[in-house]
Structures are given as C-alpha cells and as structure tokens.
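Please treat every number below as a calculation from the coordinates, not as lab data. Since the model is a prediction, treat every value here as computed from it, not as a measurement. All Cβ positions, glycine included, derive from the backbone under ideal geometry; neighbour counts span all protein chains shown.
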Amino acid sequence: MAISEFASSSRVLKLIALFRFSKALLLIGAFCYAALFTTEGIGLWLEKRWAEYLTVIATISFIPFEVWEIVRRVTVLRIALVIANIAIVIDLIWRLTRQHGLRRIAS
C-alpha cells in the first residue's frame with residue numbers, strides 16, 4: 001500500500017467517524033427536543049404552573065439561534081420572526097405575572 005493510499009483511507013475513516021458522531025448528536029438533540037415539548041405539552045394540558053414557565057424558557061431558548069441566522073444572512077423574514085418571537089416572550093411573561101399576581105391577591 002502506497003503512503004498516499006494510506007493517507008486517503010485515513011481521511012475517509014475520519015470522515016466516517018465524524019459523520020457517525022454528528023448523527024449521534026443529532027439523534028440526542030432530537031430526543032431532547034421531543035422530550036422537552038412532550039413534557040411542556042402534558043404540563044400545559046394538566047394546567048401546571050411550571051409548564052407555563054417552561055414554555056417561556058423554551059421560547060426564549062430559540063432566540064439566540066434566530067439571531068445567529070440573521071448574522072449569517074440578513075433577510076426581512078428572519079428579522080420579522082425574531083421580532084415576533086420576542087413579542088411572544090414579552091406577552092407570555094406579562095400574562096404569567098398578571099395571572100399569578102391576581103391569584104395571589106385572590107388567595
């Protein structure tokens with residue numbers, strides 16, 4: 001086996017290992033994403049207060065990724081989506097504080 005053949009086969013093996021690692025990370029991320037939103041959905045269905053806070057946290061967690069996408073390539077749609085998500089987060093927080101504030105007063 002020539003040295004160039006060994007180097008190229010070594011590169012191929014590294015690429016295969018990288019692909020397997022990336023695939024595993026993608027699967028783990030998809031599982032965590034599904035678990036988060038399943039937990040959130042069940043909690044909201046059962047009208048649990050923690051699920052409302054989890055909704056705010058989950059919504060906020062996507063904003064950095066959206067900003068990153070704007071940094072990569074600015075489009076009107078991406079900017080509009082970030083503004084909409086920020087408005088949704090503000091509305092959720094406002095509703096949570098108002099709703100739970102009224103519960104405290106009524107108790």
- Which labelled figure in (i) 1.07; (ii) 1.19; (iii) 1.71 is Cα Rg over 2.2 N^0.38 Å, once derived from the coordinates: (iii)
- Among the trypsin sites (Lys or Arg not before Pro) within the range 31-81, which fall in a DSSP loop and have no more than 16 other Cβ atoms within 10 Å of their own Cβ? LYS48, ARG73
- Selection from CYS32, VAL67, ILE57 lying farthest towards where the dipole of the range 23-85 points positive, charges on Cβ: VAL67
- Expressed as an acute angle from 0 to 90° and rounded to the nearest 10, what is the orientation of the C-alpha long axis of helix 76-106 relative to the principal long axis of the chain? 40 degrees
- Using only alpha carbon pairs under 8 Å that are at least six residues apart, calculate the relative contact order of the chain and give it in whole percent. 17 percent
- Once LEU27 and ILE88 are pulled to full extension, the length gained, defined as 0.36 nm per residue separation minus their Cα-Cα distance, is 19.1 nm
- Query: Based on Cβ point charges of +1 for Lys and Arg and -1 for Asp and Glu, what charge dipole magnitude is obtained for the range 48-107 about its Cα centre, in debye rounded to the nearest 20?
  - Reply: 220 debye
- Only helical DSSP H runs with n ≥ 4 go in: add -39500 (n - 2.57) per run for the chain, normalise by residue count and round the 222 nm mean residue ellipticity to 500 deg cm²/dmol. -32000 deg cm²/dmol
- Query: Under unit Cβ charges (Lys, Arg +1; Asp, Glu -1), what dipole magnitude, rounded to 20 debye, does the chain have relative to its Cα centre?
  - Reply: 120 debye
- Task: Can you tell me the 0 to 90 degree angle between the C-alpha axis of helix 3-45 and the longest principal axis of the chain, rounded to 10?
- Result: 10 degrees
- Checked the range 48-107 with the C-alpha gyration tensor, a ≥ b ≥ c its square-rooted eigenvalues, rounded below a/c of 1.5, otherwise prolate if a/b is larger than b/c and oblate if not; verdict prolate
